[in-house]
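S.K.: First, the structure itself, so that you have it in front of you.
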Amino acid sequence: MITETGPTYATYSEPALPTITNAGDIITDATFGCRILKLTDSTDSATGCTVPYSNHLLFNSDNTRVMCNYYDGWYKVKHWVFNPSTLAISSGTVMPQSVAGIQQTGTQFSHLDTDKMWVSCAGGTPGSEISKIYSYKPSTQAFTLVKDLTATVVANGGAGCYLFQLSVSADDDIFAGHVTGPSGGVGYIVYKKSTDTILLNQSGVTVNEVYIDKSGRYLWVVGGTPDATVWDLQGGPSSTTVTTEISAGQHYALGSGWDLMHSMSSGRIGKRDLASPNGGVTALVDVNKWVYGGAGSQQDHYSALGPDTWVLGSRYNTVGGTVVNPFDNELVLVKTDGTGNVRRLGHHRAVFTSYYDAPFAALSQDSAFAMFSSNWGNSGRYDAYIIETGVSDPPAAPPPTNVGTVSFMRFI
């Protein structure tokens, strides 16, 4: 395995496609030496199984349970008992559809309780809207209502609107999502569970998505005009328009008080302090080593779900091409301290032809594993895979949440 002994910017071509057929099969990446487990196969879905997105908690806090989505008319949730030492998996359990409107985007594991998941339930039929948060216990398949936000969401966005793409702070207390409906994203809401308080309620705002950082203090807002906004929820919410090193639609990952940028000038990625989002960016790799345009045609997603030491990039060629530059078509951990150190994990073997062909790699909460999607050489279906990283950083205790002690609503 190539470790973080220093910046390693060599270009590694993809070797011959290895065979990995059935769920439970394990191979070793020929270039970087990390073990890869195939989590799903055609017995889980005739069409395919996928990682929903790179910022979803797909591993519980001690890596003894995992989840992904499978296609059965629409995307549903399946979870497994997982042995992190042997990479053995159970036969898997389908999340029952016993509550209305279960969403694959936003359903994820708790940061704190190893036998809990947060479930976003939503639907936008006018007059029968649903915007609810549930907890779900995988061992018993039982749901418990946490909060019904339907009335607030409909008042915010109007008939047919619902809360989408839920994110959760590292203390499992602050939930954020954007309000969407017939005309797209039209607002966003932040809710604090411990005080049963709406911290922020923005309406009349064109938005692509919102995301709460791990600390629960900062909300990252993407889309519309301006392209990006940072809200500080402490001491009465205040917002800052991001004006530096950002463009519309860019991917990102949030740590505790920082945001990883999708792209910087000079072919780099960087980290932004959310307390002063226009105050400069820390470059994480050398100049022209994280290349997008030209023959490479690379794109990527990021995951910062583990301790703030590392961020995971999953890079893919937007026209299904092969390796041209360093990190092309790779899963790679990047150190967040500005040293330029990386840990190369493997080639994901996803050949991109449409949206769900992207690998969407997501870190575990201790950074020891990552889950990714792949059509494995354009095989005609996609499945979920788990790769060992060689890193193990116990998740830090979540910081105390001291934000939003009183309700605050602002409509614009």
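S.K.: Taking only the Cα atoms of region 119-272, how large is their convex hull per residue, in Å³?
M.R.: Hull volume over Cα atoms, normalised by residue count, gives 123 Å³.
S.K.: For the chain, with the dipole built from +1 on Lys and Arg beta-carbon atoms and -1 on Asp and Glu ones, taken about the Cα centre, which of Val94, Thr322, Ala253 lies farthest toward the positive end?
M.R.: Going by the Cα projections, it comes out as Val94.
S.K.: So if I take the centroid of the Cα atoms in region 107-165 and the same for region 12-47, what is the distance between those two points in Å?
M.R.: If we compute the Cα centre of each part, the gap is 34 Å.
S.K.: About its Cα centre, how strong a charge dipole does the chain have in debye, to the nearest 20, once Lys and Arg get +1 and Asp and Glu get -1 at the Cβ?
M.R.: Here the chain has a charge dipole of around 300 debye.
S.K.: With N residues in the chain, what two-decimal value do you get for its Cα radius of gyration over 2.2 N^0.38 Å? Mind dumping the intermediate values first?
M.R.: On the way: Rg = 20.2 Å, N = 412, 2.2 N^0.38 = 21.7 Å.
Cα Rg divided by the expected 2.2 N^0.38 Å: 0.93.
S.K.: If the label point is 7 Å along Cα→Cβ of Thr11, which residues in region 280-321 have backbone nitrogen under 11 Å from it?
M.R.: Only 295-296 fall inside the zone, counting backbone N under 11 Å.
S.K.: Moving on. Which percent of the accessible heavy-atom area of region 268-348 goes to carbon and sulfur, probe 1.4 angstrom? Kindly include the intermediate steps, with their values, before the conclusion.
M.R.: Working: 1030 of 2280 Å².
Whole-percent figure for carbon plus sulfur exposure: 45.
S.K.: Under 12 Å from the Cβ of Gly267, count the other residues' Cβ atoms, weight Lys and Arg +1, Asp and Glu -1, and hand me the total.
M.R.: Spelling it out: positives minus negatives among the neighbours equals +1.
S.K.: Please compute the volume of the convex hull spanned by the alpha-carbon atoms of region 185-224 and report it per residue in Å³.
M.R.: Taking the convex hull of the Cα positions in region 185-224, it is 62 Å³ per residue.
S.K.: Report, in debye and to the nearest 20, how large the dipole of region 153-284 comes out about its Cα centre when Lys and Arg carry +1 and Asp and Glu carry -1 on their Cβ.
M.R.: 120 debye
S.K.: OK, next. So what is the 222 nm mean residue ellipticity for the chain from helices alone, if each DSSP H run of at least 4 adds -39500 (n - 2.57) and you divide by all residues, rounding to the nearest 500 deg cm²/dmol?
M.R.: Numbers: 1 runs with 8 residues, N = 412.
Using -39500 (n - 2.57) per qualifying helix, the result is -500 deg cm²/dmol.
S.K.: Next question, about the same structure. Round to the nearest 0.05 the FRET efficiency obtained for Ala275 and Leu112 when R0 = 35 Å and r is the Cβ-Cβ distance.
M.R.: Details: r = 25 Å, r/R0 = 0.72.
According to the calculation, E is roughly 0.90.
S.K.: Let me ask something additional. Leaving out ligands and nucleic acids, note down the accessible area per residue over region 1-119 with a 1.4 angstrom probe, in whole Å².
M.R.: On a per-residue basis, 39 Å².
S.K.: Taking the Cβ of Ser42 as the center, what net charge do the other residues with Cβ under 9 Å away carry, scoring Lys and Arg +1 and Asp and Glu -1?
M.R.: -2
S.K.: Taking 7 Å along the Cα-to-C-beta vector as the label spot, tell me the Val319-Ala30 distance in nanometres, rounded to one decimal.
M.R.: Rounded to a tenth, the inter-label distance reads 2.6 nm.
S.K.: Fully extended, how many nm does the chain gain between Thr140 and Thr64 (0.36 nm per residue separation, minus their Cα-Cα distance)?
M.R.: 25.8 nm is the gain from fully extending Thr140 to Thr64.
S.K.: How do 124-134, 297-307, 328-338 rank on mean C-beta neighbours within 10 Å, highest first?
M.R.: Put in order of decreasing packing, that is 297-307, 328-338, 124-134.
S.K.: Now for a separate question. Among the lysines, which have Cα under 27 Å from the Cα of Lys78 when same-chain residues fewer than 8 positions away are ignored?
M.R.: Candidates past the 8-residue exclusion: Lys38, Lys116, Lys132, Lys137, Lys147, Lys193, Lys214.
S.K.: Using a 1.4 angstrom probe on heavy atoms only, work out the carbon and sulfur share of the accessible area of region 1-111 in %.
M.R.: 51 percent
S.K.: Put +1 on the Cβ of every Lys and Arg and -1 on every Asp and Glu Cβ in the chain; which of Ser215, Gln298, Thr180 then has its Cα farthest towards the positive end of the dipole?
M.R.: Selected residue: Thr180.
The values are calculated or read from the model by the stated rules, or taken from the named source; none is laboratory data. Note that the coordinates shown come from a computational prediction; the quantities given were computed from them, not determined experimentally. Neighbour counts are summed over all protein chains in view; Cβ atoms, including those assigned to glycine, are modelled from backbone coordinates with ideal geometry. Heavy atoms of the whole protein, side chains included, go into the accessibility calculation; ligands, DNA and RNA do not. Shrake-Rupley method; radii C 1.70, N 1.55, O 1.52, S 1.80 Å.
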